[in-house]
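Take a look at the structure below.
Laboratory data are not the source of any read-out in this text; all were calculated from the coordinates shown. The structure displayed is predicted, hence computed values, not measured ones. Neighbour counts run over all protein chains shown; Cβ positions are idealised from the backbone, glycine included.
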Amino acid sequence: QVQLVESGGGLVKPGDSLRLSCAPSGGLKETYAIGWFRQAPGKEREAIGCINRDGIMEWPSPLKGRVSISRDNAKNMVYLQVFGLRPEDTAVYYCALRGGVCARTTPAYVDWGQGTQVTVSS
């Protein structure tokens, strides 16, 4: 399995922006689809979006329109930028990996990172 390490979380104020990183062990492969998810306490895991060699997919969620997913092949990193953070965005943010096409459902992904905590509070 591929190990995924998320980073970039922390405590931010409402209105701030944050960039999260996802680093797969062994680097990025052109066949990878990297999904971003989040889970707040007491809530179900939400699908945010995904990036693969064909492009970017963003799914309906409260973050829609406030995120930017990108990759840097030279650095073997996938990024999730969140703009205009709100207290309700407080959650653990995960990246996940599957092969081929992007998918919205969590069972479609075979490898998950440990998550990075994002806390939005004044």
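Summary of values
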quantity: Cα-Cα pairs of the chain separated by more than 18 Å (percent); calculated: 45 percent
quantity: Debye log10 I(q)/I(0) at q = 0.12, 0.18 Å⁻¹ for segment 1-63, Cα point scatterers; calculated: -0.38, -0.84
quantity: Proximal aspartates and glutamates to residue 29, defined as alpha-carbon separation beneath 12 angstrom and excluding residues fewer than eight positions away on the same chain; calculated: 72
quantity: Scattering profile of segment 57-122 at q = 0.23 Å⁻¹ [log10 I(q)/I(0), Debye over alpha-carbon scatterers]; calculated: -1.29
quantity: Formal net charge of residues neighbouring residue 10 (Cβ-Cβ distance under 15 Å; K, R +1; D, E -1); calculated: 0
quantity: Gain on full stretching of the segment that runs from residue 56 to residue 75 - 0.36 nm per residue minus C-alpha separation; calculated: 5.0 nm
quantity: Cross-link partners of residue 43 among aspartates and glutamates (Cα-Cα below 12 Å; sequence separation of 8 or more within a chain); calculated: 88, 89
